[in-house]
C-alpha cells in the first residue's frame, strides 16, 4: 500500500475518529443516544410480572376522591389499607413538604374570630391529619420522599441506612446537588426509608439512565427505587463498589462506580452509579387506581408481597417524563421500571473496558478499510464500507438484545468517513493521474484517445513495452531548396502551416505523434492504447495527408502571389512499416518522451527515403501490406536498404478500396507483377514486354501516376541487358542512399 495523498487523508480521518471517541464530544454522544433509543423502540424489554405495583392517582381517582393534594387523612387510610393487604413496601412518589391544609387546626385558623366556639371545640377534639398520616406510616414498610435542587439551603434529608463503599470514594462520581426539599419531619421520622424522587435526563430531556444514589455536599443519599428495594428486603445498609475495589483496572475509562449491592441484589451501573434503562411498553398490569384500594371489596392479592409506589399518571398533575418509548410517561413509572429491571436481573451492561475495545475496533476497521480501498475499485469500496458499517450496527443491536451496550455510531461513522476520505483521496489521485496523462499526451494524441487513456490509465504501461506497432515517417521533399526562399520568420510560419493540418490527420486517425524532426513527422499506431486496425488507420492517414497537401499547396500559392515570391509546390514522401517495437518513456532522468525504438522504426525511415527513388508517394513494408488487403498496393521491389543485411519486399500504397476495384489498377497490377517475375528471373525481353503494357495502361489511367516507377525499371532492365548481373543475383536491389 502506497503512502499517497489519499492514504494520508484516510489516516488523518482515522486519527480524528479515535480522538472523537476518546474525548466523547457532545454531538457524538447525542447520536449514540439516538441509536440507543432506536434499539429500545425496535426491541423493548419484554414485560414479565414482578412484585412491583403502582397505586395510581389517576383522573378517575381525582374525580372520585377530590383534587390533589388529598387530605393526609385519606393518605393515612390508603397507607393503612395497603399495609393491611401486606404490601412489602409502600413508596410515596410525592414530597409532603407542608402541613396538611385540611387539618383541624388549619381549619380553626380560618374561622371568624367571633362566634363558632362550638365548631372550634369540636375540631380541637379531632386528631391532626399529619399526625394520623405519620401514625399510619410507622407500622408499615413505608418510604418517604424528598427532592434535590441546585438552590443552596441548609435542609438535609434524613438518612435511614448506612452506606459503605469499596474502592475509590464514590462521591466524586455521583450526581451532586446543593439543596433539598424534604417531607415534614414527623413523616420522615415515621417512615422506614427516605429516598430521592429526582430523575436526571440527558441533554435532549430523555431519561435513559436512573441514578441509584446522589450526593448533597459530603453525604450520599439513595434514590426512591434503591430505598424501596432496601426496605422491602429488610436490609440496613448499602455497599457501593468503585474502581479498584477488587484490584481491577479500567481500559478506556477513567474509573468510577462499577456495582451497587442492595441487600442480596448486586446491580451493575455505569461509572456514575446509574442504571441503564431498558424500558418495556406501558402495560395496565402495573397500575391499580387509588380509588379501588379504598373500596371495601378490593382483592388484596394485587397488593400482597408487592412493592407499591403511590404516584400519579394524571396529566394535570404534570409528573411526566420523556423516555425512549414514551415522550410523556408518568414519573412514577420510571422508578417502577428501574425496580422491575433490578428484580428481573435484566441489566443493560456497559463494562468499563468497552470504550477501549471500541477504540481498538475503530483502529482495526479503519486500517482494514484503508488497505481494502487501496485495492478495490470505488463501487466495491462502497459495498464493503456500507457492509462494514451495517455490520457494526447489526452487531451492536444484537448485543443490545443480549443486554450489552456497544456504541455503533462512532465505529460506523468512522468507517463511512474513512471510506469517503479514501474515495476523495483516490478521486484526487485519479484526477491528478488523468491530468498528468492529458498533459503528457495531449500534444501528440487525439483528444478522443487522450480522454480514453485518462479514463483508463491502467492501459498505459510506461517505461518500455514490446508490442506490434505501425510506424509512419512523413517528410517534405527538397526541403532545403524550399527553405532558401523564406526568412527565418517566414520559414517558421511555413513549417507550422504544414505540420498543423498533417498532425490533425494523424490525430484524427488515432495516431500518436512521436516527434517532429524539422520538416519530418514521426508517428505510430497501437500505443499507448491498443488499436486492432493500426495498419489500416496508418494507411488511411497517409492517403488523407495527400488530400490535405493539395489544400496546403493552394494556400501556399495564394500566399506566394500576395507576397510576390516564386511559388514552388510542396511534395511529400511517406514511409509506413509494421513490426515489434519497444514503446514507452525514453530518454534520461532529466528529460524523457513517450517514443518508440526498434529495427522496424529504422526501416520505416528508409522506406520514406526510397519514395523519391521509386517515384511513388507512399511506400509500405511487407507486414503492413499483409494487414491491409483492402487497400490498393503494388509490390515495388525486393530491396536491401542501407544499414540492413536482410532484404525486404516493399510496396507502393496507391489508394483505398475504390482504387483497388478500378480496372486500370487491376490491369497494371497484373502486368507489373509479371514484369517483376521476369525481371527476377533475368528474362529481360519478357520483362520489357510487360513493362510496355504497364506504360500503355498508365496513359489511360487518370487516377494512377506511376511514370517515375516505370521509367526506373526501364532504365534498370536496359542497364542489365548491357551489363548483366552476376549469377548469384536473385533480384535484390541494394540501395546506396537512405
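Readers should treat all values here as calculations from the given coordinates under stated rules, not as data from a laboratory. Predicted, not measured: the structure shown is a model, and the values here were computed from it. Cβ atoms come from the backbone with ideal geometry, glycine included; neighbour counts cover every protein chain shown.
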- Please give the calculated 222 nm ellipticity per residue for the chain, where each DSSP H segment of at least 4 residues contributes -39500 (n - 2.57) and the sum is spread over every residue; nearest 500 deg cm²/dmol? -14500 deg cm²/dmol
- Globularity index of the range 583-673, i.e. its alpha-carbon radius of gyration over 2.2 N^0.38 Å: 1.34
- Compute the semi-axes of the equivalent ellipsoid of the range 464-538, taking the square root of 5 times each eigenvalue of the Cα gyration tensor, and list them largest first in whole Å. 29, 11, 10
- So for 287, 723, 173, 567, fewest C-beta neighbours within 10 Å to most, what's the order? 723, 567, 287, 173
- Per residue and in Å³, how big is the convex hull formed by the alpha-carbon atoms of the range 46-344? 149
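By average Cβ neighbour count within 10 Å, what is the ranking of 320-330, 191-201 from highest down?
Sorting 320-330, 191-201 by mean packing, highest first, produces 191-201, 320-330.
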- Message: So for the range 129-182, considering every pair of alpha-carbon atoms, how many percent are separated by more than 16 Å?
- Response: 63
- Message: Along the Cα→Cβ direction, 7 angstrom out, place labels at residue 65 and residue 379. What is the inter-label distance in nm?
- Response: 7.0
- Message: Can you give me the angle between helix 599-614 and the longest principal axis of the chain, using Cα atoms only, in degrees from 0 to 90, rounded to the nearest 10?
- Response: 40
- Item | Exposure proxy order (Cβ contacts within 10 Å, fewest to most) of 660, 160 | 660, 160
- Item | Taking 604, 259 and counting other C-beta atoms within 10 Å, the order from fewest to most | 259, 604
- Divide the volume of the convex hull of the Cα atoms of the range 164-314 by its number of residues and quote the answer in cubic angstrom per residue. 167
- Task: Round to the nearest 10 and give me the degree value, 0 to 90, for the angle of helix 354-375's Cα axis relative to the longest principal axis of the chain.
- Result: 10
- If you compute mean projected area of the Cα convex hull in nm² for the structure shown, which of [x] 40.0; [y] 31.1; [z] 58.6 do you land on? [z]
- Task: From the P(r) of the range 582-738, can you give the percent of Cα pairs sitting at distances over 18 Å?
- Result: 63
- Rounded to the nearest 5, the percent of DSSP beta bridges in the range 46-344 running antiparallel is 45
- Net lengthening on full extension, residue 562/residue 657 (0.36 nm per residue, minus Cα-Cα): 30.3 nm
- Note on the structure: Restricted to the chain, the DSSP antiparallel beta bridge percent, nearest 5, is 65
- Message: How large is the Kirkwood hydrodynamic radius of the range 296-431, counting all unique pairs of alpha carbons, in Å?
- Response: 19.1
- Query: Expressed as cubic angstrom per residue, what is the convex hull volume of the alpha carbon set of the range 492-645?
  - Reply: 139
- Take the alpha-carbon centre of the range 528-577, take the same for the range 166-188, and report the distance between them in whole Å. 100
- Item | Label-point gap, in nm, between residue 219 and residue 204 - each point 7 angstrom along Cα→Cβ | 3.7
- Task: For helix 409-441, report the angle its Cα long axis makes with the longest principal axis of the Cα atoms of the chain; keep it between 0 and 90° and round to the nearest 10°.
- Result: 20
- Message: Could you sort the peptides 64-77, 305-318 by per-residue average Cβ neighbour count (10 Å cutoff), highest mean leading?
- Response: 305-318, 64-77
